[in-house]
Amino acid sequence: MTRQVPAAPRGGSRGIRPSAHRMRTLQRHGWMSDQHGAWAMMALPPLLGWALSGRLSWFVLLLLVAWAMAFQLFSATCLWVKTPAKRRGRILPALATYGVATAIPGVALLVSRPQLLWWGCAFVPLASCALFLVWQGRERSLAARAASILAGSVMGPVAFSLASADGSPVAVSAHAWAACAIFASYYVGTVPLVRSMIRGRRDPRWSLGATAYHAACTAATAIAWWFAVVSPWCVLAWVALTARAWAMPALSRARKRPLSPRLIGLTEMAWTCLLFATLLLP
């Protein structure tokens, strides 16, 4: 008798679940970002700024919608830039859809709050720098990661200014500026930290650099506390973050296999929530 070869699972390559295959298809066509950690980096800065204002605002809700669509548009644009020309056509529907979905709430915001245009002085250069580095094939570089994180972090004070006043940068309080800057610094620090635990775990310079960066942020946060801009709990959170920046890479190097991305991601989610909470304390 002839032995029958089992058929591949329906909807994708052999051994790949249909749901995973559909997810990868959406990612390849630009409909969904393949950087899972970037979702939190997109959502949390404007939520922090809104929470710091302590006010309800329909304009901030509109900003969140516009920013979510702009994030998807940026991800699709980066994918289009690094995709060979003959395969770029499959990304155009996502680019067009997210472009329109960004423009509708974005234009409505700018018409009602034209002062928001001032934020373009910070956002446009950072986003352009990140996109340029992607075009150069350096999307995994520290500069590209930092530029994209800082561009997203601009939405923190933007949300605060929209909830508190007319969207102008002058409406942002010193506490809100400091809190948003500290939160942005934390996310920038996750780039060398994660690199030190996975790709660069055999290179001690990554671990030393990540620890030194966190120590500098701790000192800066302590200065902000000295001037009564943030709470002492925020300083203590940074002390713990600095300790983890040294301990986790050391643990990863001591193991035969590096710490899994899933474990690292879940751990960072906990640290993010801790820092977020301390920044809201008076």
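Annotation note: of Leu142, Leu133, the sole residue that is modelled with pLDDT under 95 and buried (at least 16 other Cβ atoms within 10 Å of the Cβ) is Leu133. Within the range 81-91, is there a residue that is more than 21 Å from the chain's Cα centre (by Cα), touching a residue at least 24 places away in the same chain (Cβ under 8 Å) and over 21 Å from Ala147 (Cα atoms)? The answer is yes, given that some residue of the range 81-91 is more than 21 Å from the chain's Cα centre (by Cα), touching a residue at least 24 places away in the same chain (Cβ under 8 Å) and over 21 Å from Ala147 (Cα atoms).
Can you list residue pairs whose Cβ atoms sit under 9 Å apart, with the first residue in the range 153-167 being at positive phi and the second being of a type in the set (Ser, Thr, Tyr) and assigned to a helix (DSSP H, G or I)? Count only pairs 6 or more apart in sequence or on different chains. Taking only residues 6 or more apart or on different chains, the pairs are Gly167/Ser112; Gly167/Ser161.
The sole residue among Leu56, Leu48, Leu79 that is out of contact with any Gly (no Cβ under 7 Å at 6 or more places or on another chain) and either not assigned by TED's automatic domain parsing to the domain that holds Thr190 or not in a helix (DSSP H, G or I) (or both) is Leu56. Considering only residues that are charged (D, E, K, R) and part of a helix (DSSP H, G or I), look in the range 20-45 and name the one that is nearest to Ala96 (Cα to Cα). Ranking the qualifying residues of the range 20-45, first place goes to Arg28. Answer with yes or no whether Tyr213 is in contact with a Ser or Thr (Cβ under 9 Å, 6 or more places away or on another chain), within 22 Å of Leu47 (Cβ to Cβ) and not hydrophobic (A, V, I, L, M, F, W, C). No; evaluated as a whole, the condition is false for this residue. Once the range 239-270 is narrowed to residues that are in contact (Cβ under 8 Å) with a residue 40 or more places away in the chain and of a type in the set (A, V, I, L, M, F, W, C), the residue that is surrounded by the most Cβ atoms within 10 Å (Cβ to Cβ) is Ala245.
The values are calculated or read from the model by the stated rules, or taken from the named source; none is laboratory data. No experiment lies behind these values; they were computed from the predicted model shown. Reconstructed Cβ throughout: ideal geometry from the backbone, glycine too, with neighbour counts over all protein chains shown.
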